[in-house]
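Below: one structure, written as structure tokens.
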Amino acid sequence: RSGHTAFAKDGCLYIFGGWNAEGMFNDLYMLDVENKDWSDLDLGWGHKRWNHACTLVEAIPSWRVFVFGGATDSDGSGRTLGNFDRNIGVLDLGDHYYWDAPPLEDPPLGKTAEFPSQREHTAMIYDPEESRLVMFGGWSNKWMSDVWQINVSSIVGPPYAIITLEPALGPVTG
């Protein structure tokens, strides 16, 4: 498998997407490192994709994984070159894993929304100080050197939260 992304969380290694000589993938596998046991989580997102960007983010109430772009098999024709994507997917690592398409913030009144163009091989990091994804460059039939930021504070929540109160003296709000 090549062109996949990987991240580690709580003693497990996760692998998403990629391709090999036989085809492309839209699957999520988990390796329990201590027990050396692989599990197919049977949890794909969007189209089969490879050469995408991925970053793990601590969020409230559960960790999130952001996936951006990549080369896709959007037309079902197999591993073709030049079908690039610019979608963002979010994998929630809570009690029940699930994918979501994030509601990104609307542009200020009177302005149009600007998003990165379709691409693969993008570098992406999470800036916890500003609750934003920062993306740099990539390939879209030429090497790109642009920088984009996307505020994801509505998805990751504040850097703090009250989850429970012991002893239970009343409802937890705020």
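The values are calculated or read from the model by the stated rules, or taken from the named source; none is laboratory data. Owing to the predicted nature of the structure, the values given are computational and were not obtained by experimental measurement. So basically every Cβ, Gly included, is an ideal-geometry build from the backbone, and we count neighbours across all protein chains shown. Heavy atoms of the whole protein, side chains included, go into the accessibility calculation; ligands, DNA and RNA do not. Shrake-Rupley method; radii C 1.70, N 1.55, O 1.52, S 1.80 Å.
Structure above, values below:
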{"item": "Members of the stretch 40-62 that are small (Gly, Ala, Ser) and modelled with pLDDT of 95 or more", "result": "Ala53"}
{"item": "Condition check for Trp45: surrounded by 14 or more Cβ atoms within 10 Å (Cβ to Cβ) and in contact with a Lys or Arg (Cβ under 6 Å, 6 or more places away or on another chain)", "result": "no"}
{"item": "Flag if Glu34 is charged (D, E, K, R), over 30 Å from Lys142 (Cβ atoms) and exposed (fewer than 13 other Cβ atoms within 10 Å of the Cβ)", "result": "yes"}
{"item": "The stretch 118-154 - residue that is aliphatic (A, V, I, L, M) and more than 15 Å from the chain's Cα centre (by Cα) and, of those, least open to solvent (accessible area, probe 1.4 Å)", "result": "Met144"}
{"item": "Selection count, the stretch 3-44, where residues are assigned to a strand (DSSP E or B) and over 18 Å from Asp92 (Cα atoms)", "result": "9"}
{"item": "Test: residue in the stretch 69-84 that is in contact (Cβ under 8 Å) with a residue 12 or more places away in the chain, buried (at least 18 other Cβ atoms within 10 Å of the Cβ) and under 21 Å from Val152 (Cα atoms)", "result": "yes"}
